[in-house]
């Protein structure tokens, strides 16, 4: 896997492209250090990747279980902690909230999420050594 970032302006705005598609993702820094809000922050992108990875797994499992999902969204919240003697602030806690709408079997939804978190999602595996990952599920009919 490979990605490429190209600087768009004389600040911190970059356009990223992955090796498997031509879709562009824009990143930028905060305005207080010279960014222009022309893209997501890199740390936000990490949480988006985690949520997206799990979302794909969950949808695949629920389709195999023949569950009718009318709406599905995920909220991912990360808590960062500054490391001593550095400027780094990695995530130490991540909470994923799965929101579903549909006529769904709660046990099947829980199983789909559990499979994603414990077996399928590589992004979860990437985060786990450094961050405590928790989740919750809300199902609306």
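Here residue 7 clears all of (1) outside the structural domain of residue 105 (by TED's automatic domain parsing); (2) within 21 Å of residue 113 (Cα to Cα) except the condition numbered (2).
As a summary of the residue check, residue 138 satisfies the conditions (1) surrounded by fewer than 14 Cβ atoms within 10 Å (Cβ to Cβ); (2) within 27 Å of residue 15 (Cβ to Cβ); (3) touching a residue at least 12 places away in the same chain (Cβ under 8 Å) except for the one numbered (2).
The number of residues in the range 71-91 being exposed (fewer than 15 other Cβ atoms within 10 Å of the Cβ) and either touching a strand residue (DSSP E or B) at 6+ places or on another chain (Cβ under 7 Å) or outside the structural domain of residue 123 (by TED's automatic domain parsing) (or both) comes to 8. Could you list, in sequence order, the residues of the range 99-120 that are closer than 16 Å to residue 75 by Cα and not in a helix (DSSP H, G or I)? Hits for the range 99-120 are 99, 100, 101. Within this structure, residue 123 passes the test of being closer than 15 Å to residue 49 by Cβ, buried (at least 17 other Cβ atoms within 10 Å of the Cβ) and at pLDDT 95 or above.
The values are calculated or read from the model by the stated rules, or taken from the named source; none is laboratory data. All values reported here derive from a predicted model rather than from experimental measurement. Note that each Cβ is placed from the backbone with ideal geometry, even for glycine, and that neighbours are counted across all protein chains shown.
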